[in-house]
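The values are calculated or read from the model by the stated rules, or taken from the named source; none is laboratory data. Owing to the predicted nature of the structure, the values given are computational and were not obtained by experimental measurement. So basically every Cβ, Gly included, is an ideal-geometry build from the backbone, and we count neighbours across all protein chains shown.
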Amino acid sequence: MSLSQDDVKRIARLARIEIDDAQAAATQGQLNTIFELIAAMQAVDTAGVEPMAHAQEVYQRLREDAVTETDRRAAFQAIAPAVEDGLYLVPKVIE
């Protein structure tokens, strides 16, 4: 796929970008280079290649799921403006 200068100007107009002829020519060259790279990557045979989540074999270190903080709920609710049945009450914001 190759873009013409008119294509570049049309894309710029759709994106609400002001572009002159020199900028359009430079952008056309850059975009066509990107499209050539995409075409080269699409030409590679990837049959039988298993998808990867990451380029390296990286694993998340796991730790034991244990409680490390003390329960301070009563202390926090004691200073809250409004509490009912252990829940914080807030003003209604949607009508």
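Considering the stretch 45-95, and only residues there that are of a type in the set (S, T, N, Q) and over 34 Å from the mean Cα position of the chain (by Cα), the residue that is surrounded by the fewest Cβ atoms within 10 Å (Cβ to Cβ) turns out to be 70.
Per-residue answers, yes or no, for (1) at pLDDT 90 or above; (2) in contact with a Phe, Trp or Tyr (Cβ under 7 Å, 6 or more places away or on another chain); (3) within 30 Å of residue 1 (Cβ to Cβ):
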site: 55; (1), (2), (3): no, no, yes
site: 59; (1), (2), (3): no, no, no
site: 69; (1), (2), (3): yes, no, no
site: 75; (1), (2), (3): yes, no, no
site: 84; (1), (2), (3): yes, no, no
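Regarding residue 42, is this residue in contact with a strand residue (DSSP E or B) (Cβ under 6 Å, 6 or more places away or on another chain) and of a type in the set (S, T, N, Q)? The answer is no for residue 42.
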